[in-house]
Amino acid sequence: MLTFPFTEADPIQYPGPPPKTSQVVIVGGGIIGVTTALFLASRNIPVTLLEKGRVAAEQSSRNWGWIRKQGRDADELPIVIEASRLWRQLADECGEDIGLNQTGVTYLANSDKDMAKFEEFMKIAAIHELDTRLLDADETAKLISGMSRRFKGAMTTPSDMRAEPWLAVPALARLAVRKGARIVENCAARALEISAGRVKGVWTEAGYIETSSVLVAGGAWSSLFLRRHGVAIPQLSVRVTVAATEPMPEVYSGAAADDHIAFRRRQDGGYTLAAGGSHLLYLGPDAFRHATQYLPALRDNPFGTRYFPFAPSGYPDGWSTPRDWAPDSASPFEKMRVLNPAPEPAGLRSVEHNFKRLFPQFESVRLKAGWGGMIDAMPDVVPVVDQVRAVGGLFVATGMSGHGFGIGPGIGRVVSDMIQGNETGHDLSRFRLSRFYDGSPVRLGPAL
Ligand SMILES: Cc1cc2nc3c(=O)[nH]c(=O)nc-3n(C[C@H](O)[C@H](O)[C@H](O)COP(=O)(O)OP(=O)(O)OC[C@H]3O[C@@H](n4cnc5c(N)ncnc54)[C@H](O)[C@@H]3O)c2cc1C
């Protein structure tokens, strides 16, 4: 019986109340918050992680489970290379099967234009000595068996991995707790207490925590949380639909995609399916506020985004979602414990159709599950990982833009060092918050 995705019907694993003081408080129990807590606790730093719903119930259990270096933004690549090493180490340390497998990631080319794009990435891959290779049509057909059509070719990285997100992130949370982190579920952070330009504490729905350092790793909710404190992040979120087939014969042990279909072998013998580059943006006040910053992404892929005029009530960018509230009254965060959008029925039909068109021999294979997820995105498709200059002790790691699962442990390690005031070992200037306000042009990272 599969248990994904998580919802608020799942039992609370980490009840409150939260402690009265904690050296570090983390807002958000996705892969970023959990791995940051883990690395801080490994250094014996007292850390409390607040999760308004359940650990990993939003993006971090709903994702495709790809852990890839392939196709990454050049500035993310050193961090994701570190993350790949950390995934192996943490999988060993947590002593649970998280479905981590080195089975490769492959992008399929429909045209010479696709192959030309792959060649661009090969230059970056060469700098980092990745095992990424280009395949011709015959090699592609050999790698993924039984495809009904021939592709121009492919780009593949055999050392890329997969894991089961709904197993991995909860297992990492258990490891963090074993190392000394405190996790409190069903506990929304409502607001920060800031005095003389420094963080002094966090107001939660279950009381006040005195602290000197706060990390906001709230996924799709980060901008709503921070805006109230004068920190503006041009973050939006888009809805995507995912499906899982029942177990079926193996066509490829890794993860692959073209423009129409993305598929990834799961540990249970089924495939996780999704549409390559299609998503739905619910329009709300932030979508209009940040529209100009998203124009380059829109021009790059004009048909990738569909629009719905009303962000649903209670969503981070809902028209009726409050933008301000008192710390002693209910906030939008506890009003929606788990952002759990329904999958689009047409989206489920379309991924099933596209998968079976590619593998017609599996016409009788059924979908066993379908779910939706809200991906938090930034205008340039790379995250914000930074310290907020105007508020001492405030850190942000958010906007992972659809690829934060694979890089998660790398970001967690980096942010834990940033909070401790240590060298992070990576050039993080690409991920600075000020890039949206210092006149820098939007430099688009790769979309997939
Ligand atoms: C369908 C889908 C497919 C994807 N596929 C991949 C993939 O194959 N590979 C990959 O690398 N990435 C993938 N991603 C992206 C990846 O899942 C995300 O980038 C990553 O999980 C983000 O982690 P996070 O910790 O930043 O946010 P989240 O996982 O969204 O966690 C944020 C948490 O913060 C909590 N929170 C928010 N506000 C508050 C508050 N005020 N108080 C307390 N708690 C709060 C939320 O409840 C939530 O649990 C995919 C995403 C989706 C949705």
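Test each condition in (1) touching a Ser or Thr at 6+ places or on another chain (Cβ under 6 Å); (2) part of a strand (DSSP E or B) for Ser320 and report the one that comes out false.
Evaluating Ser320 over (1) touching a Ser or Thr at 6+ places or on another chain (Cβ under 6 Å); (2) part of a strand (DSSP E or B) leaves (2) as the failure.
Might you check whether a residue that is in a strand (DSSP E or B), in contact (Cβ under 8 Å) with a residue 12 or more places away in the chain and either within 11 Å of the ligand (Cβ to nearest atom) or crowded, with 19+ Cβ neighbours inside 10 Å (or both) occurs anywhere in the stretch 397-419?
Yes; the residues of the stretch 397-419 include at least one that is in a strand (DSSP E or B), in contact (Cβ under 8 Å) with a residue 12 or more places away in the chain and either within 11 Å of the ligand (Cβ to nearest atom) or crowded, with 19+ Cβ neighbours inside 10 Å (or both).
crowded, with 16+ Cβ neighbours inside 10 Å and under 26 Å from Val105 (Cα atoms): which single residue out of Asp259, Asp286, Asp300 fits that description?
So the residue among Asp259, Asp286, Asp300 that is crowded, with 16+ Cβ neighbours inside 10 Å and under 26 Å from Val105 (Cα atoms) is Asp259.
Which of the residues belonging to the stretch 38-83 are β-branched (Val, Ile, Thr) and under 30 Å from Ala9 (Cβ atoms)?
Matches in the stretch 38-83: Val47, Thr48, Val55, Ile67.
Of the residues that sit in the stretch 35-54 and are within 7 Å of the ligand (Cβ to nearest atom) and not in a strand (DSSP E or B), which one is surrounded by the fewest Cβ atoms within 10 Å (Cβ to Cβ)?
That would be Gly53.
Out of Glu210, Glu164, which single residue is modelled with pLDDT of 95 or more, under 23 Å from the mean Cα position of the chain (by Cα) and either surrounded by fewer than 18 Cβ atoms within 10 Å (Cβ to Cβ) or within 21 Å of Phe4 (Cα to Cα) (or both)?
Glu164
Checking the condition at pLDDT 95 or above, part of a loop (DSSP other than H, G, I, E, B), of a type in the set (Gly, Ala, Ser) and within 16 Å of the ligand (Cβ to nearest atom), which residue from Ala243, Ala326 passes?
Matching residue, one of Ala243, Ala326: Ala326.
Within the stretch 257-302, which residues are in contact (Cβ under 8 Å) with a residue 60 or more places away in the chain, within 28 Å of Arg162 (Cβ to Cβ), in a loop (DSSP other than H, G, I, E, B) and not aliphatic (A, V, I, L, M)?
Those that are in contact (Cβ under 8 Å) with a residue 60 or more places away in the chain, within 28 Å of Arg162 (Cβ to Cβ), in a loop (DSSP other than H, G, I, E, B) and not aliphatic (A, V, I, L, M): Asp258, Asp259, His260, Arg266, Gln267, Asp268, Gly270, Gly276, Gly277, Ser278, Asn301.
The values are calculated or read from the model by the stated rules, or taken from the named source; none is laboratory data. Everything numeric here is computed off the predicted structure, so don't read it as measured data. Virtual Cβ from ideal backbone geometry, glycine too; neighbours counted across all protein chains shown.
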